[in-house]
Structures are given as structure tokens and as C-alpha cells.
Number of protein chains: 2
Amino acid sequence: MMIDKYRDIGLKLTPQRIAILDYLEGNKDHPSADEIYKAISKRFPTMSFATVYNTLSTLREKGAVLELTIDPAKKRYDPETSRHNHLICVTCKKVVDIPVDFALELPSGARHGFTVMSNHVEFYGLCPACKKQ
Amino acid sequence: MMIDKYRDIGLKLTPQRIAILDYLEGNKDHPSADEIYKAISKRFPTMSFATVYNTLSTLREKGAVLELTIDPAKKRYDPETSRHNHLICVTCKKVVDIPVDFALELPSGARHGFTVMSNHVEFYGLCPACKKQ
DNA sequence: GTACGTGCAAAGGTTTTGCATTACA
DNA sequence: TGTAATGCAAAACCTTTGCACGTAC
């Protein structure tokens, strides 16, 4: 489980961090830092914003979560760190994983001298709930 | 030119808006609102932030600029509104246009009931300047 | 015991808003 | 002239930071 992954990285396992890891484990909602904070502080009232941000920042540095730049209003976090893409509702910003790998290659003429390392595809659309309105 | 496009939309052409349109015309830098403000206020000292944001917001609603959610720190704006993709330097956040259309299709099994409208590919890499360091 | 994490509050950066004034059409 | 944009300042958000205290190891 995720807690083992964290211990293997060699970081201190505090109750707050365990709560965050527990919340993220298998989470498919791509939550924001605020959502994570709100969810955990129900059961953990002394938890502070700074701890959430610190922990997310550490997890990102260790490659244990992805920081998604998908929603202009705030960063969102994804515990699924294997290569995948996303489908985003333009109305409610719901995000779902797309486990398909498109194996995109950039023609060398389009690389502008960059060393290309990776890519990410965002699909935009309307989710079932938003279509009804 | 862009000013004509703007007039055709039926909006008032103020000197401030003309300055913004002029700055964006053919601009390949994907500037942030702050960069637009700074560039224009050199020659137009009374220009306010609110006017830049109001104008960009109006242009976006009319489809005359794209708001890019590419840089976690701030929104960036792109006057090139035809379908294209982007290559981003992970170090300095330089963004260049990729005029290639990859014609990606999402397998229906991966659509989660969404109506898919469009997509956008982000390539990540190191630009020539950042590679040297 | 010590290095590192936590909590609190304040600050930083971007974007939005309210309202009186100004100016395009 | 009337409607809509501008300018200014304050506020709203999200995120980061400094520092004293607490705790995992």
C-alpha cells in the first residue's frame, strides 16, 4: 500500500501524513489541496493547511503523487503516478483517468531544439451530470 | 487583422483594447496577464490591471484568445485560436506552438459517458537555453 | 537527543469585484 | 445621450513562508 511506499522513501510517518496517504490511496477524484484538507480535518481537527501543502510537496518531489495543472483555479493531485491521460468536464471540472497511452511522437521539425521528455493529453467534454442541464 | 475581428464582434474599440490587441497580434510568447499589463503600461501609463483582465475575459468569451492552463503559477494567453498543441520547457516555462493535429480518438469504452468535444496535447521537455545549464 | 514535521499566522502572488468616472458610438 | 469600459482600491483565493513547539526515529 501507499504507506509502505512512503516508508521506503525514508520519510517520517506522522499521523497527519498517514491520514493524507490514506485519503489519497486509490482516490480517483483528483482532489485539490483544499479538498484534502477539508476531508481530513473532519477527523483530525488540528491539521493545518501548511501540513497538507508540505506533505503534498514532499510526495510530489518523491514522485508519489502528480500535481495536475488542469484546473485554472487550483492545483489538483493524482495518486496514480503511472503514465496516463485525462478527460475533463468543461463545466464542473470533474476529471477522470484515461489509461490509454497514445505513444505520440513529435516530428523533429517541430521540436524547436527541445529535448522532449514526456507528454500529457487532455480531452475536454461534458460529463453525464452536466449534459442534463 | 485582429482589430477588425474585434470590431466585427461588435464591441467598443477603446485605446486600451487596441493596445492589448496590438500586443497580442502575432505574439508567440503565450504571455500572462501581468506580462501584457507590464508591456502595455510602458506606453500607456494609466492602464489598469482590471482593464487587462476585463479585456482578456471578453476576448476569451468571444473566442478571440485562448486561456492556457499550462503554467501552475498563472494563466497564459494565446492569440492563436486554431486547433494546435504546445511544447513546454519544464524549467523556464517557455511555451511554443505545435501546429500538428494528432487526430486523437478516445475509445468509447474510455469515455465514461462524456460527450468529448476537443483535446489538447502538452509535450514537456527542456528548451535549448535551459539545456545549457 | 536530534533532525524533521507540525501548527499558527502572516505574507505573497494572481485574479476578481464594486463603484464612481470617463468615453465610445 | 446612453450604454459600456476604465481606473482605483480593496478583497478573495490559492499557496508559501517563518518560527516556535512537538514528535518520530
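The values are calculated or read from the model by the stated rules, or taken from the named source; none is laboratory data. This is a predicted model, so every value here is computed, not measured. With ideal geometry, Cβ positions are generated from the backbone for all residues, glycine too; neighbour counts draw on all protein chains shown.
Go through (1) assigned to a helix (DSSP H, G or I); (2) more than 10 Å from DNA strand C (Cβ to nearest atom); (3) of a type in the set (D, E, K, R) one by one and return the number of the condition A:Asp29 breaks.
So A:Asp29 meets the others, but not (1).
Of the conditions (1) more than 7 Å from every other protein chain (Cβ to nearest Cβ); (2) under 20 Å from B:Cys89 (Cα atoms), A:Pro79 satisfies every one except a single condition; which number is it?
For A:Pro79, the failing item is (2).
For B:Lys74, which of the numbered conditions (1) in a loop (DSSP other than H, G, I, E, B); (2) within 19 Å of A:Phe123 (Cα to Cα); (3) of a type outside the set (A, V, I, L, M) fails to hold?
For B:Lys74, the failing item is (2).
For residues that are within 14 Å of another protein chain (Cβ to nearest Cβ) and over 19 Å from B:Ala73 (Cα atoms), scanning just region A:22-62, find the one that is nearest to DNA strand D (Cβ to nearest atom).
A:Asp29
List the residue pairs whose Cβ atoms are under 8 Å apart, where the first residue sits in region A:51-67 and is touching a residue at least 60 places away in the same chain (Cβ under 8 Å), the second is assigned to a helix (DSSP H, G or I) and not basic (Lys, Arg), and the two are 6 or more positions apart or on different chains.
A:Ala64/A:Met2; A:Ala64/A:Tyr6; A:Ala64/A:Ile9
Any chance you could count how many residues in region A:98-133 are facing chain B (nearest Cβ under 9 Å) and charged (D, E, K, R)?
So the answer is 3.
Among the numbered criteria (1) at pLDDT 95 or above; (2) farther than 30 Å from A:Pro128 by Cβ; (3) part of a helix (DSSP H, G or I), which one does B:Asp4 miss?
(1)
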